[in-house]
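Notes follow the structure.
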């Protein structure tokens, strides 16, 4: 076996003898990382071009890590099925074996559903009509989908082998096993060897892109286009196709591909600055970055036609396991009318045009009036080449495809000339071709959505844009950043006169380059900085954990209240523009509005909020004050049990120590800055993962239903503790907090160590009858002890069962040593020493069980289960020839 770390949270494990090449972890752009590290290369096989790569994917236990999706298998599956050829008729890599998805049941099933939605979108006439599409157009859309699907909409299970890790060790193929060792930790076992992978991100890690982006400071114009992606889902050197519309100095995204947060950061734009997103469709190279917009502390306006929105929401729900309406906790829907100029606030107009595609898709035309003319931009992502559309033409309405009239209308709309047109030239079945636009009259054509260099013929049609390139259509005759500063100030101080806001916004606007220290404990806070654009990091040092602050944050505001120095440092993580307000001017403003006393009173609570992971990135000054004002201080005594109540709330730990339990099983310790109660906040928004409700019921874990969610967790104070309770209602419209609550809930649920029964499987057999019989008996004993520990059976007699296991293990190991002594293996003495050491540990465990508190049985079970698997599937298989 071989293991290679590919990137953060992604590993490559290969077992060539078993024909297993496993991609462990599949966050956004994992395929690109495999290409960059050499696991995916172009290679010819039997005269046929194909790529190498994985034939199995191990999924993360959790949907998200550090605010990004952890499992996005759409592109890895496409790579296996099509670029490797596993589904292509007559291809040498099409052996009849399906590629595998491996993991916990809820993640495997969620990925299956999400891949289905990513392939087909709205998959029936009823779903399309439910999205408000007229019946005639709904029939046309379904005919198009079926044409792209080769007349057959297939379930994901027809294409992939779904392998659920629901046993102590699961056989993948040819006596190669995988077992779960803990949260996001897995072990692969083959012929007595084992390798371990840990898919957890470290505290300061995230999922990086495969490319480096130059830090740029963009101008905020009245109407301009900033180009942030020209590649596709396979391009390791560039972000996926996307643009930023800058209108009246505010920024709007067109699509959110993988790693969009890195692109925005490189341009000095934070999540809070995104005034909205225009979404073309739900393929991962346009969808995977949506969580980045969840890092805002307000809902982001979401502009799309209703069927695109419905398709994306269903894909999001499948991916996260949450109810569809929870999508709108992060995004504010602004439905657009198809084939109609939609006029938005301020005069920006957008025309969504239907694009024939496997999922619901539109291209966008944007325009702004300038004098007597319009300045315009067209974003043509995921169009099909005209030759492909011609192949779809049929005049038989019972057949899949499009009519000649539909073809003529579609191509005519795409060819309408504009000032700047960005064109998908990716080729193939579902992407465009540059030559189709050679004669249309746009002033400037940019070619995008490809991983290949432009050909000479393509260069005759258009050019490629560089990252951060800006096409200015209407220059701003004003300072857009100062206008943004005024907007922030007015939102912070409702009722303030515009004259006063303008006076405040007239203070110096300072530009900081990336890495510049903005505040330090060595210097008293002489100024308050209002971050107008960019991203700021705040922490005790640059090297350790830090909070990421968006536009709208105030630096030094708390310190100004008592003329103190900052407790840590703040530094620019990107290009930053910040209004430098002298401390005295800031204090005069607060005094004039009667805010000093209230802010001084709430200061300790706000400082505490800012020190926590859950609230440390909430930027809005009024929002922080509102939460601080709702915090209720509670003191609980040692051994107090806390359970989610009828009213949703989160409990922040200010002092003390809690242990969080799932049933009788301790999950984790919560220390100052941690929180409990996320389950009550998410009530009704998330079902338990598939099969878990029944599993918990069988283990007699309390599952009192409240809505569609069951109460699973409780906390016990190990010390006298001080908590702050915050009502759930106060957190409903704060996307970044909602993402973190969901991530924490899922992590704690998956930390439940005993979610699989410890049952014998015939695949574990070695073929030595007596040894297999003894191994099977060990498994049976351990399952009985587990049942006692988990409350499925009475706990009486657990110690006696442990004694029974010890006696069996002792005689079993003695028998193995007798077999090995016939012709001693090279490390025979080491094996004997290892056995003796294990038996000594067993005796220690037995004594620990007599003296330790009740939860000692969990530690005992974990130790014995690990040994049983290591012994039967690793050590014994290593020595199999000598034991046979």
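The values are calculated or read from the model by the stated rules, or taken from the named source; none is laboratory data. This is a predicted model, so every value here is computed, not measured. So basically every Cβ, Gly included, is an ideal-geometry build from the backbone, and we count neighbours across all protein chains shown.
In this structure, residue 154 does not satisfy being crowded, with 20+ Cβ neighbours inside 10 Å and outside the structural domain of residue 86 (by TED's automatic domain parsing).
Pull up segment 529-581, narrow it to residues that are under 18 Å from residue 624 (Cα atoms) and out of contact with any strand residue (DSSP E or B) (no Cβ under 9 Å at 6 or more places or on another chain), then point me to the one that is surrounded by the fewest Cβ atoms within 10 Å (Cβ to Cβ). So the residue we want is 561.
Count of segment 49-60 residues, restricted to those that are buried (at least 24 other Cβ atoms within 10 Å of the Cβ) and modelled with pLDDT under 95, is 0.
Only one of the listed residues (251, 237) is touching a residue at least 24 places away in the same chain (Cβ under 8 Å), outside the structural domain of residue 741 (by TED's automatic domain parsing) and outside any loop (DSSP other than H, G, I, E, B). That residue is 251. Just checking, does segment 23-37 include any residue being outside any helix (DSSP H, G or I) and more than 22 Å from residue 261 (Cα to Cα)? Within segment 23-37, one or more residues are outside any helix (DSSP H, G or I) and more than 22 Å from residue 261 (Cα to Cα). Just for segment 351-383: of the residues that are in contact (Cβ under 8 Å) with a residue 12 or more places away in the chain and out of contact with any strand residue (DSSP E or B) (no Cβ under 9 Å at 6 or more places or on another chain), which one is farthest from residue 222 (Cα to Cα)? My answer is 358. Residue check, residue 81 against (1) within 12 Å of residue 54 (Cα to Cα); (2) in contact with a helix residue (DSSP H, G or I) (Cβ under 9 Å, 6 or more places away or on another chain), all met but one. Which one? Just one mismatch for residue 81, condition (2). If you take the residues in segment 157-166 that are touching a strand residue (DSSP E or B) at 6+ places or on another chain (Cβ under 8 Å) and surrounded by fewer than 21 Cβ atoms within 10 Å (Cβ to Cβ), which one is farthest from residue 107 (Cα to Cα)? Selected residue: 161. Per the listing 508, 514, the residue uniquely at pLDDT 95 or above and exposed (fewer than 12 other Cβ atoms within 10 Å of the Cβ) is 508.
Exactly one residue out of 338, 389 is over 22 Å from residue 290 (Cα atoms) and in contact with a strand residue (DSSP E or B) (Cβ under 6 Å, 6 or more places away or on another chain): that is 338. Residues that are surrounded by fewer than 18 Cβ atoms within 10 Å (Cβ to Cβ) and under 30 Å from residue 45 (Cα atoms) occur in segment 134-150; there is at least one.
No other residue among 501, 525 is part of a loop (DSSP other than H, G, I, E, B), farther than 20 Å from residue 222 by Cβ and either free of Cβ contacts under 8 Å to residues at least 12 places away in the same chain or touching a helix residue (DSSP H, G or I) at 6+ places or on another chain (Cβ under 6 Å) (or both) apart from 525. Comparison of 436, 419 shows that the only residue that is touching a helix residue (DSSP H, G or I) at 6+ places or on another chain (Cβ under 6 Å) and crowded, with 18+ Cβ neighbours inside 10 Å is 436.
Pairs meeting the criteria (first residue in segment 84-96 and touching a residue at least 12 places away in the same chain (Cβ under 8 Å), second residue surrounded by fewer than 16 Cβ atoms within 10 Å (Cβ to Cβ) and not in a loop (DSSP other than H, G, I, E, B), beta carbons under 8 Å, at least 6 apart or on different chains) are 85/48; 91/48; 92/45; 92/48; 93/45.
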